[in-house]
């Protein structure tokens, strides 16, 4: 008997993982309107999920990139068919509140994908050990998650309310979450 609520991997065995110290994205520029983003807060845990509406349809999340901060923070990037489709902030690094937090100017809009060389034929998940830092505006509607040491980067819009910061080597330098709804109040 199969439990329809069980995770598929529970039956198929362990997933193959690869550990890295950085992650590189390829960007396929497009002129289309950026896809909408759906935000969801878990009121009990303050986990924030952001899903980019994927108009390609079909399939579930096939790959995750887990950014693990040395302070115990944890951010998961979700990919479908190699393309970034979601972000989940499971354990927040300390968040510095700023009176004003202005996102960078966007240099391009596009779809961010993991190059096949990163995944290989048998890798399904990637773990990245890195430094994570977070800041927000006073109202907590704009969040900036820095990945690794501060460095020069360019902003790529991958969804209406999500920007990726990529450095000169196309390595992930940061994430911007824009127009985030307020955290729900506990009942």
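Computed quantities for the displayed model
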read-out	value
Amide N of the stretch 79-103 lying under 11 Å from the label point, which is placed 7 angstrom from the Cα of residue 185 along Cα→Cβ	none
Cα gyration tensor shape of the stretch 15-177, rounded if a/c is under 1.5, else prolate or oblate by comparing a/b with b/c	rounded
Relative packing of 130-140, 26-36, which averages over residues the other C-beta atoms within 10 Å, highest first	130-140, 26-36
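No lab work stands behind these numbers, since they all come straight from the coordinates. None of these values were measured; they are calculated from a predicted model. With ideal geometry, Cβ positions are generated from the backbone for all residues, glycine too; neighbour counts draw on all protein chains shown.
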